[in-house]
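Asks: Here it is, the structure in full.
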Amino acid sequence: MSDMAKTENMINNKGTHPLVEVKNLKQYFPISEGLFKKRYVKAVDDVSFYINKGETLGLVGESGCGKTTTGRTILRLYEPTGGRIFYDGQDITHVDMMSYRRKMQIVFQDPYASLNPRMTIGDIIGEPIDIHKLASSKKERREKIISLLEKVGLNSEHANRFPHEFSGGQRQRVGIARALAVDPEFIVCDEPVSALDVSIQAQIINMFEELQEEMGLTYLFIAHDLSVVKHISDRIGVMYLGKLVELADSYELVFHSVHPYTKSLISAIPIPDPNTSRTSKRIILEGDVPSPLNPPSGCRFRTRCPYADKLCAEEEPKFREVGSGHFAACHHLEKIS
Ligand code: SF4
């Protein structure tokens, strides 16, 4: 890669280089209307953030807000429509991804659909080892598979079984072992616990945390449920209709959110202790998320925002720093707090 492709301005506010950074990322999907007309679903529209090495950035928002598309575009599973993607200081927006595939992995949401039902668990985990030629003999391959199974709380006996013989939680463990097989640095965790029972969710999240500590992993942790993300994330970004509307340290975001959309998400988090009264009321948003084919003018949240006025319809709010490392996109923050 040429020196030109190296990023020159990749210092974050902690003075270190992020492992992953996106700048003005856009992902538009074309929809044909008639013979010559095309419109675009703006799934991700001008999104910028970074993730430091060893950090977990949570990404939350309702279904269809663009969080999964953001994760997949970073991995170049979709080619970005615009913007730039950096990995460890290198611009990877247009490079051949083969050498990055090992470093950047994904764990999918649905542990039922993401595992080939005709392959044994051993072969599912062994496949990336084969593709990247990471074992020089059958014995080494087998040892690697067993070690990966043990890492995710399974054992050697599971290697010869098929996915249908496993529970949802066990299948997700297999999905994680498959991602770990190539010894990655960065994992996009795409709603990895959403399809699981609540009792299993905590076990899998704890395992993600233990693996992060043991292997120095960096995560982009995507979920629609803020109560899931807040436990594992160092920082959290909130997306609405293809835009990042707020981003802050997890504690700051949960206890001092400023954007009305984030406030509504936080007000929906269940309080575990019934004797603890909520200081803020549950905020119920009116209406549904508008279509990304035809998003509202100005602020995209304005059709559901109780504070919306003329300015909100006319001008898109800037994503600006409102406190140290705390960013939000809203014209009227002073009215809202
Ligand atoms: Fe609501 Fe206007 Fe702020 Fe958008 S810019 S969140 S519509 S007050």
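Asks: Size of the dipole of the range 200-337 about the Cα centre, Lys and Arg at +1 and Asp and Glu at -1 on the beta carbon, nothing else charged, in debye to 20?
Replies: My answer is approximately 640 debye.
Asks: Can you tell me the length gained on complete extension of the stretch ARG142 to HIS332, counting 0.36 nm per residue apart and subtracting the Cα distance?
Replies: 62.5 nm
Asks: Hand me the trypsin sites (Lys or Arg not before Pro) from the range 183-282 located in a DSSP loop with no more than 14 other Cβ atoms within 10 Å, in residue order please.
Replies: In loop regions of the range 183-282 (DSSP not H, G, I, E or B), the sparsely surrounded trypsin sites (Lys or Arg not before Pro) are ARG278, LYS281, ARG282.
Asks: Quote to one decimal, in nm, the extra length available between ILE283 and GLU62 on full extension: 0.36 nm per residue of separation minus the C-alpha distance between them.
Replies: Computed gain between ILE283 and GLU62 is 78.1 nm.
Asks: Residue-wise, which Karplus ³J(HN,Hα) couplings in Hz belong to the range 181-190, taking 6.51 cos²θ - 1.76 cosθ + 1.60, θ = phi - 60°, and x for glycine or proline?
Replies: Calculated HN-Hα couplings, in order: 4, 9, 6, x, 9, 10, 10, 8, 9, 8 Hz.
Asks: With the radius of gyration and the Kirkwood radius both derived from the Cα set of the range 30-96, what is their ratio Rg to Rh?
Replies: Result for the range 30-96 is an Rg/Rh of 1.03.
Asks: Enumerate by residue number the GluC sites (Glu not before Pro) in the range 302-337 meeting two conditions: DSSP loop (anything except H, G, I, E, B), and at most 14 other Cβ atoms within 10 Å of the site's Cβ.
Replies: Counting only loop positions with at most 14 other Cβ atoms within 10 Å, the GluC sites (Glu not before Pro) in the range 302-337 are GLU315.
Asks: Right, next: Charges only on Cβ, +1 for Lys and Arg, -1 for Asp and Glu: so what's the dipole of the chain about the Cα centre, in debye to the nearest 20?
Replies: Around 620 debye, computed over the chain.
Asks: To the nearest Å, what is the center-to-center distance of the range 287-337 and the range 66-111, using C-alpha atoms only?
Replies: Centre-to-centre (Cα) distance: 28 Å.
Asks: Can you tell me the FRET efficiency between ALA113 and GLU157 if r is taken as the Cβ-Cβ distance and R0 is 25 Å, rounded to the nearest 0.05?
Replies: 0.50
Asks: Enumerate the calculated ³J(HN,Hα) couplings along the range 154-169 in order (Karplus 6.51 cos²θ - 1.76 cosθ + 1.60, θ = phi - 60°), each rounded to whole Hz, writing x wherever the residue is Gly or Pro.
Replies: 10, 9, 4, 5, 6, 4, 8, 8, 10, x, 5, 7, 10, 6, x, x
Asks: Rg (Å, one decimal) plus Dmax (Å, integer) for the alpha carbons of the range 66-148?
Replies: That works out to 15.5, 45 Å for Rg and Dmax.
Asks: With the radius of gyration and the Kirkwood radius both derived from the Cα set of the chain, what is their ratio Rg to Rh?
Replies: Dividing the radius of gyration by the Kirkwood radius yields 0.99.
Asks: Could you pull out which residues in the range 211-227 have an amide N less than 14 Å from a spot 7 Å beyond the Cα of LEU134, following the Cα-Cβ vector?
Replies: Only 215-217 fall inside the zone, counting backbone N under 14 Å.
Asks: ALA202 to ALA313: FRET efficiency via 1/(1 + (r/R0)^6), r the Cβ-Cβ distance, R0 51 Å, to the nearest 0.05?
Replies: With a Förster radius of 51 Å, E is 0.75.
Asks: Now a separate question. Using a simple charge model, +1 on the beta-carbon of Lys and Arg, -1 on the beta-carbon of Asp and Glu, nothing else, what dipole does the range 10-123 show about its Cα centre, in debye to the nearest 20?
Replies: The calculated dipole for the range 10-123 is roughly 160 debye.
Asks: Leaving out ligands, DNA and RNA, and with a 1.4 Å probe, what % of the accessible surface on the chain is carbon or sulfur?
Replies: Exposed carbon and sulfur together represent 49 percent of the surface.
Asks: Hey, can you find the accessible area per residue of the chain for me, probe 1.4 Å, expressed in square angstrom?
Replies: Accessible area per residue, the chain: 50 Å².
Asks: Under 8 Å for C-alpha pairs, at least 6 residues apart: give me the relative contact order for the range 184-337, rounded to a whole percent.
Replies: About 20 percent, as a whole number.
Asks: Next question. As a check on your grasp of the helix formula, calculate [θ] at 222 nm for the chain: sum -39500 (n - 2.57) over DSSP H runs of n ≥ 4, divide by the residue count, round to the nearest 500.
Replies: -8000 deg cm²/dmol
Asks: Next up: Considering only CYS189, CYS299, LEU57, whose Cα is most displaced toward the positive end of the charge dipole of the chain, charges sitting on Cβ of Lys, Arg (+1) and Asp, Glu (-1)?
Replies: CYS299
The values are calculated or read from the model by the stated rules, or taken from the named source; none is laboratory data. Quick caveat, the model's predicted, so the values are computed rather than measured. With ideal geometry, Cβ positions are generated from the backbone for all residues, glycine too; neighbour counts draw on all protein chains shown. These accessible areas exclude ligands, DNA and RNA; they are computed on the full protein's heavy atoms, side chains included. Shrake-Rupley method; radii C 1.70, N 1.55, O 1.52, S 1.80 Å.
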